[in-house]
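Everything below concerns the one structure shown next.
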Amino acid sequence: MVFKVLFILIALTLSGFGMDLIKVGEDVYMAKGHYGLPSRENRGFISNSYGILTREGWIVIDTLSTPELAREFISELRRIREAPILYLIITHYHMDHWFGISAYKEVGAKVIAHRNLKEFYEEGLADEVLEAVKRAFPGVFDSVKLSPPDIVIDSPVKLRVGRRVIEIIPMTPAHTNTDLVVKVGNVLFVGDLVSYKRIPFLGDRNVKTREWLKVLDRIKEMKPRLIFGGHGDPMDLKAVDWTKEYITYLRENIRKLKDEGLFIDEVKEAMKDTPFKDSYMYEEFHMRNVYSIFNELDMEL
Ligand SMILES: [Zn+2]
């Protein structure tokens with residue numbers, strides 16, 4: 001099994017920016033996005049999407065960044081098994097996790113998300129973000145059409161589909177104020193709450209890193225055998241430790257530098273070089289994270 005997964009991973013690496021699904025568990029399939037920011041070249045395929053096959057149909061976790069990518073994922077799922085797409089569960093409100101939502105509405109899936117995601121939509125903020133990312137990443141998000149979820153949750157729910165029990169557990173605020181995890185047997189889908197050797201993004205307007213550390217402890221207590229994240233390969237509990245180490249390192253060091261009276265530019269300079277500098281997305285996210293924590297620590301006082 002391990003060799004098979006490795007083989008498919010190598011095949012995927014050689015295939016450019018196409019979408020090949022990887023079987024990562026019993027009836028669980030994954031599309032693995034590329035590391036990087038959205039671009040015309042990668043079509044915004046920078047995150048993961050998962051399909052869980054039940055006797056009644058598919059359950060999908062996260063949409064990828066655009067309706068085109070979402071439709072491609074759906075057609076790959078249907079090549080594995082021609083079955084209805086029953087539910088789409090959105091792990092949080094970042095563009096690469098739900099901007100493909102219209103493709104799921106087209107096939108009649110019921111969309112489940114955190115209650116705050118619906119508010120984010122209804123207050124017009126989602127469309128503001130869409131306009132901003134269209135400007136920031138030209139030619140990637142032009143066909144995105146946002147709409148609200150059908151079912152919202154703000155406390156844990158159990159969904160019974162076929163013989164499967166799907167637990168959806170809000171874990172917010174942490175990475176954002178819309179985070180939720182999905183537990184199916186002993187595997188856990190975590191969105192961007194857990195990362196391994198890829199710098200997590202701590203720059204969201206609703207980030208709460210102190211709470212995030214508590215969420216990571218809760219995830220550990222759930223003892224998942226496998227952790228499926230929004231980016232990168234399937235993980236295990238050591239990824240939870242890695243994520244905690246990065247967040248804790250930033251919090252502790254930035255607090256110390258602030259206590260010494262350093263200003264933001266000096267803190268940024270001092271935090272350029274860290275033990276995490278060889279991780280993916282360091283260049284893209286790390287300095288933004290330092291800035292974000294610098295401000296967040298002020299608000300915690
Ligand atoms: Zn995210």
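The values are calculated or read from the model by the stated rules, or taken from the named source; none is laboratory data. Only a predicted model underlies this, so the values are computations on that prediction, with no experimental measurement involved. Methodologically, a virtual Cβ is constructed for each residue, glycine included, from the backbone with ideal geometry; neighbour enumeration extends over all protein chains shown.
Within segment 189-211, the residues that satisfy the criterion of being buried (at least 22 other Cβ atoms within 10 Å of the Cβ) and not β-branched (Val, Ile, Thr) are 189, 191, 192, 193, 195, 198, 200, 202. In summary, residue 209 fulfils each of the numbered conditions (1) within 25 Å of residue 58 (Cβ to Cβ); (2) under 18 Å from the mean Cα position of the chain (by Cα) with the single exception of condition (1). Residue count for segment 177-198 satisfying the condition of being in a loop (DSSP other than H, G, I, E, B), more than 20 Å from residue 154 (Cβ to Cβ) and within 12 Å of the ligand (Cβ to nearest atom): 2. Looking only at segment 151-176, residues that are away from the ligand (no atom under 16 Å from the Cβ), of a type in the set (Gly, Ala, Ser) and at pLDDT 95 or above come to 1 in all. Pairing residues of segment 87-114 that are more than 15 Å from residue 66 (Cβ to Cβ) with residues that are basic (Lys, Arg), at Cβ distances under 8 Å and at least 6 apart in sequence or on separate chains, gives 87/110; 111/105. Looking across 58, 98, one residue alone is among the aromatic types (Phe, Trp, Tyr) and within 21 Å of residue 179 (Cα to Cα). It is 98. Under 8 Å by Cβ, and 6 or more places apart or on different chains, what pairs join a residue from segment 23-44 that is more than 19 Å from residue 195 (Cβ to Cβ) and without any contact (Cβ under 8 Å) to a residue 24 or more places away in the chain with one that is of a type in the set (A, V, I, L, M) and not in a strand (DSSP E or B)? Correct list of pairs: 23/5; 23/8.
Within segment 123-137, residues that are closer than 14 Å to residue 65 by Cα and modelled with pLDDT of 95 or more sit with their Cβ atoms under 6 Å from residues that are among the hydrophobic types (A, V, I, L, M, F, W, C) and not in a loop (DSSP other than H, G, I, E, B), at 6+ positions apart or across chains, in these pairs: 126/120; 133/95. The residue that is farthest from residue 263 (Cα to Cα), counting only those in segment 285-295 that are surrounded by 18 or more Cβ atoms within 10 Å (Cβ to Cβ) and of a type outside the set (Phe, Trp, Tyr), is 286. Considering only residues that are away from the ligand (no atom under 16 Å from the Cβ) and either in a strand (DSSP E or B) or not charged (D, E, K, R) (or both), which ones fall in segment 110-119? Within segment 110-119, 110, 111, 112 qualify. Every condition in (1) touching a Ser or Thr at 6+ places or on another chain (Cβ under 7 Å); (2) buried (at least 17 other Cβ atoms within 10 Å of the Cβ); (3) closer than 26 Å to residue 226 by Cα holds for residue 281 except the one numbered (1).
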